[in-house]
Amino acid sequence: MAPQPVHNAAMPDAAPLSELAALARRNDPDRFLCALFAPPAAREALFLLTCFNHELARARAATSNAMTGLIRLQWWRDAVEEAAAGAPARKHEVATPLAAAIREGTLEAGELLGLIDAREAEMEEDIPSREALMAFLRGSSGGYAVVAGRLLGAPPAAMPGLQVAGATYGMAMMLRNTVTLAMQGRCLLPADLLEAHGLTAADVVRDARAPGVAAAGQTLAADMRRSWPGARAALAHSLPRAAIAAALPARFAVRDLRRVMAAGWNPAEPPPPRGAGDRISVTWAGLRGRV
């Protein structure tokens, strides 16, 4: 649910949704809501980036095996490289406007290729270590936040904080969707942490209720919560108000991580739908211009 329009330049306007905006709202409602706090002139590019990011995320989620996922990623890699070389755009609801944005210089091919490369870690049988998981999150969700920040005019000094903000959101979404990933035959909890609890990724896929899964998830949530305050403080000094949309997903993340760390968290339960409290938290931060 988008905020109600008022006569305030800080609030999103009530313009009808474009096809890309509608696609972003349907496939990534969290980032869609955050994008509404971007300046109107930059919003469409942010919706496009969100749709592109969703296509990369579903490269593995929508397939039954890693090889097919890699083929999907290669399709997008080819689409980006062709657009950068001036070749005709591929006929696709996201690839076609993406090619135009690359040709116009709104989106940089190198940054998009980096987002594609980061997703290859999802195609592996497991994530071997906590360090590897963090590298994946920094490159995927963190990379999205950095590209979004550049689109919105964030200075170089804000990029490290934006990367942490994005990685924090990526971690929260991974933990929030532990059982959803298991139902897809996937587990992104790192192998070294699972091993410390006598588990493997295959154990989690078989039963997300297995003893130790919750404890592993809560360890990751606690680590992420400890890294966020420093990045948040840095963003308070370096992130201009016009770029706040790039960092806003972290507001969702902090609330999700708090739920994971609460006593009784059950990773085998489907994630609860977003409530009014989640949306109000993001809206308030967007209005204040402070994440």
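Each value in this text was obtained by applying a stated rule to the coordinates, not by laboratory testing. Only a predicted model underlies this, so the values are computations on that prediction, with no experimental measurement involved. Neighbour counts run over all protein chains shown; Cβ positions are idealised from the backbone, glycine included.
If I take the Cα coordinates of the range 170-282 and project them onto the principal axes, what are the three extents in Å, biggest first?
45, 28, 25
With just the Cα atoms defining each centre, how far is the range 266-291 from the range 76-91? Give it in Å.
The distance from the Cα centre of the range 266-291 to that of the range 76-91 comes to 36 Å.
Kindly rank 80-92, 137-149, 224-236, 32-44 from highest to lowest mean number of other beta carbons found within 10 Å of each residue. Let's see the in-between values first.
Details: 80-92: 14.4, 137-149: 26.2, 224-236: 16.4, 32-44: 20.5.
Listed from highest to lowest mean packing, they are 137-149, 32-44, 224-236, 80-92.
Find out how many positive minus negative residues lie around C51, taking Lys and Arg as positive, Asp and Glu as negative, among other residues whose Cβ is under 9 Å from that of C51.
Values: positive: none; negative: D28, E55, E93.
Net charge around C51: -3.
Return the ratio Rg/(2.2 N^0.38 Å) for the chain, where Rg is computed over Cα atoms only. Walk me through the intermediate numbers first.
On the way: Rg = 18.6 Å, N = 291, 2.2 N^0.38 = 19.0 Å.
Compactness ratio reported: 0.98.
May I ask you to list the residues of the range 143-166 whose amide nitrogen lies under 16 Å from a point 7 Å from Cα along the Cα→beta-carbon direction of H237?
What the label zone holds, given the 16 Å backbone N cut-off, is 155-162.
All other residues with a Cβ under 15 Å from the Cβ of W265 taken together, and with Lys, Arg as +1 and Asp, Glu as -1, what is their net charge?
Details: positive: R176, R209, R225, R255, R258, R259; negative: D256, E269.
Result for the local shell: +4.
Along each of the three principal axes of the Cα atoms of the range 79-166, give the extent in whole Å, ordering the values from largest to smallest.
Taking max minus min along each principal axis of the Cα atoms, the range 79-166 gives 41, 35, 20 Å.
Along the principal axes of its C-alpha atoms, what lengths does the range 151-192 span, in descending order and rounded to whole Å?
40, 24, 13
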